[in-house]
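Worksheet: one structure, shown below.
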Protein chains: 2
Amino acid sequence: MTVTEPIGIAVVGLGKIARDQHLPSIAANASFRLAATVSRNASLPDVPSFAGLEEALAAMPDVGAVALCVPPQVRFGMARAALEAGRDVLLEKPPGASVAEVMALDRLARDAGRVLYATWHSRHAAGVAPARDWLAGRRILGGRITWREDVRRWHPGQDWIWQAGGLGVFDPGINALSVLTAILPVEVFVGAAELEFPANRDTPIAARLTLRTTEGQAIEADFDWRQTGPQTWEIELETDAGPLLLTGGGAQAQAGGAVLAQAEALASEYDGIYAEFARLVAARESAVDLRPQLHVADAFMLGRRTQTDAFED
Amino acid sequence: MTVTEPIGIAVVGLGKIARDQHLPSIAANASFRLAATVSRNASLPDVPSFAGLEEALAAMPDVGAVALCVPPQVRFGMARAALEAGRDVLLEKPPGASVAEVMALDRLARDAGRVLYATWHSRHAAGVAPARDWLAGRRILGGRITWREDVRRWHPGQDWIWQAGGLGVFDPGINALSVLTAILPVEVFVGAAELEFPANRDTPIAARLTLRTTEGQAIEADFDWRQTGPQTWEIELETDAGPLLLTGGGAQAQAGGAVLAQAEALASEYDGIYAEFARLVAARESAVDLRPQLHVADAFMLGRRTQTDAFED
């Protein structure tokens, strides 16, 4: 085993997700060293801080990787700049405001010989890998996704999620889709959708989707941002070997009368992300799976829109 | 040169596009023989006709290919059935109600060893290939797409275009996007969009898009279905070697002070489709370029929606 230098990483955007998740997981991973932060209005003690990414890249040649934790609407330009400056790039979810821009980034990364990692944190929940392994080779007969949470609790004052490009309730819903596409042994697509837009917002507060497997079985999804009290993040799949149930956003899994995983909701998902990023950087491999966001775009394209009560934060 | 039997083809859906375009182009192409039609309520004299596709496939083993001219909302099941029955498949545009279902079809076709051809008729307009050749290696500095037509003239009584999944003004707009993506030497993505929905319809009657090249240049698109009088289908691109102009939906092209192509609008686009399909079938190659519809899905996902006057057909 060779001892290698930790990867100097710059974290761009010091909002809630960076502080709650990225910084602790970087601190806990010996493969990384927090080398810089980039933010217009925030900084951390004892860490070089910059107002703009290009400035940071120019000043810090030892920054080998960049984690983009800014809203998706501004991500493309930063990712391109980092790739062109020869750095590897990690993207918070959703990876971009459009699917096509991430496909373009993927090609840019390949041309530049850099690593691009489009992360889906929920895929690192404890029950996801065991659920995928249990489902391998089984037939899917149907299913139900219930992803209901309180937007005021998880996205306090985050205006960008309500602005065009911010995805609205699909911001959590895409987590469910990222888990579903990771565990299913077949492909799915959105067959029908209904989206509820608050009168005063550009993105939906609730959505119901009918996903179809290529064999025609239906998986019904219920995404809602108006749930107070206990939060619900569940995926239930019927198979020819009985039901599989994921709860806690994928942290707990049971199937065939057995417990496959039992962890706390949200525990160490970002530790999983940074472990995987270290592996990808070492292997010089990109990982860009666009299916979760493609299903969201499809739902917007073919979904029926309804208007509902105005939402005030 | 070997004399080969013409390919027996079944046309599914006998609506306006099948009668105006597909049937004449099949009749004019010696590589094809119209073997059957499938329609719940229409038939042609002297051509075997069936109410359902599976019935036609079972009864007509000499049907080697199927052209799906039904609305996109019902296309997936038919395409899957045809591929699984060992037939090659041609899809009218848009290839499906969702992008993901066409990706799934593409994999099914590959697994089944069949040819899948997602057609974009506007790409066969006379000016498209010369425009692509002229643009090769040039830098795009900006551009403008104007695609304004009268929905009452082109889609009389076609309810499906107004129903969720029917795309609305993107049904013609996707033609512009199919041309743009065919001729540009760089990739583009939707950076911003505004969509106008009639109060009584599920799909937009007008849309304005800002497309961005990966280098950051803007191409502004104006799609509108409310234009009476002369119809406008134009793409103008600024380059480092001067402007390129496509008019008549791509039938006419000029650049660098020279006329590159000069044909009638809509002339023989479908002849081009069937010539290409014959080539693909002979070569056992699929052609599935999903970028035009991906840009539409992205526009729906990140676009701002506004409501406009109710539209009555």
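The values are calculated or read from the model by the stated rules, or taken from the named source; none is laboratory data. Just so it is clear, the structure is predicted and the values come from calculations on it, not from any experiment. No Cβ is skipped: glycine too gets one built from the backbone with ideal geometry, and neighbour counts run over all protein chains shown. For accessibility, only protein heavy atoms count, side chains too; no ligands or nucleic acids. Shrake-Rupley method; radii C 1.70, N 1.55, O 1.52, S 1.80 Å.
Odds and ends about this structure:
- Counting, for every residue in B:103-111, the Cβ atoms of other protein chains within 10 Å of its Cβ and taking the mean gives 2.
- Placing +1 on the Cβ of every Lys and Arg and -1 on the Cβ of every Asp and Glu, with nothing else charged, gives the stretch A:7-118 a dipole about its Cα centre of roughly 200 debye.
- Hull volume per residue, based on the alpha-carbon atoms of the stretch B:7-118 and their convex hull, is 90 Å³.
- Distances between copies of A:E236, taken at a point 7 Å out from Cα along the Cα→Cβ vector and listed shortest first: 5.9 nm.
- Based on Cα contacts under 8 Å between residues 6+ apart, the stretch B:79-149 shows a relative contact order of 32 percent.
- Our note on the geometry: Cα centres of the stretch B:35-101 and the stretch B:163-227, 28 Å apart.
- Sequence of B:S31, A:S122 when ordered by accessible area, the most exposed leading, probe 1.4 angstrom: B:S31, A:S122
- Residue-averaged beta-carbon neighbours from other chains (10 angstrom radius) around A:187-196: 5
- Inter-copy label distances at B:P156, shortest first and taken from points set 7 Å along Cα to Cβ: 6.2 nm.
- Take A:5-11, B:253-259, A:226-232 and order them by the average number of nearby Cβ atoms within 10 Å per residue, most first; the result is A:5-11, B:253-259, A:226-232.
- If a spin label sat at a point 7 angstrom from the Cα of B:T228 along the line to its beta carbon, the backbone N atoms of the stretch B:162-191 nearer than 20 Å would be those of B:169.
- Per residue of peptide B:75-82, the mean number of Cβ atoms on other chains within 10 Å of the residue Cβ is 1.
- Taking 7 Å steps out from each Cα toward its Cβ at A:S49 and B:R152 produces label points 6.2 nm apart.
- Loop-located trypsin sites (Lys or Arg not before Pro) across the stretch A:74-149 with a Cβ neighbour count of 10 or fewer within 10 Å are lacking, with loop assigned by DSSP.
- Inverse mean reciprocal Cα-Cα distance (Kirkwood Rh) of chain B, Å: 20.2 Å
- Farthest toward the positive end of the dipole of the protein assembly as shown, out of A:S43, B:L57, B:G250, is the Cα of B:L57, where the dipole comes from beta carbon charges about the Cα centre.
- Straight Cα distances below 17 angstrom link B:K93 to the lysines B:K16, with same-chain residues fewer than 8 positions distant left out.
- A Cβ-based charge dipole, computed about the Cα centre of the protein assembly as shown with Lys and Arg at +1 and Asp and Glu at -1, lands at about 440 debye.
- Beta bridges from DSSP with both residues in chain B: antiparallel share about 55 percent, rounded to the nearest 5.
- Karplus-derived HN-Hα couplings along the stretch A:290-297 (A = 6.51, B = -1.76, C = 1.60, θ = phi - 60°), whole Hz, x at Gly and Pro: 8, 4, x, 6, 4, 5, 5, 4
- Straightening the chain between A:R33 and A:A199 buys 55.2 nm, computed as 0.36 nm per residue apart minus the Cα-Cα spacing.
- Chain A, accessible area per residue, ligands and nucleic acids excluded (1.4 Å, Å²): 39 Å²
- Heavy-atom accessible area order for B:L141, A:L180, largest first, 1.4 Å probe: B:L141, A:L180
- For a modelled paramagnetic label at B:D159, 7 Å from Cα along Cα-to-Cβ, no residue of the stretch B:197-218 is in reach, as no backbone nitrogen comes under 12 Å.
- Computed over chain A: relative contact order in percent, which uses C-alpha pairs under 8 Å that are six or more apart: 19 percent
- Delta accessible area of at least 50 Å² on complex formation, residues of the stretch A:197-231, 1.4 Å probe, chain isolated as reference: A:D202, A:T214
- Protein accessible surface hidden between A and B, which excludes ligands and nucleic acids, total in Å², probe 1.4 Å: 2800 Å²
- Ranked from shortest, the separations from the 7 Å Cα-to-Cβ label point of B:S49 to its equivalents in the other copies are 7.5 nm.
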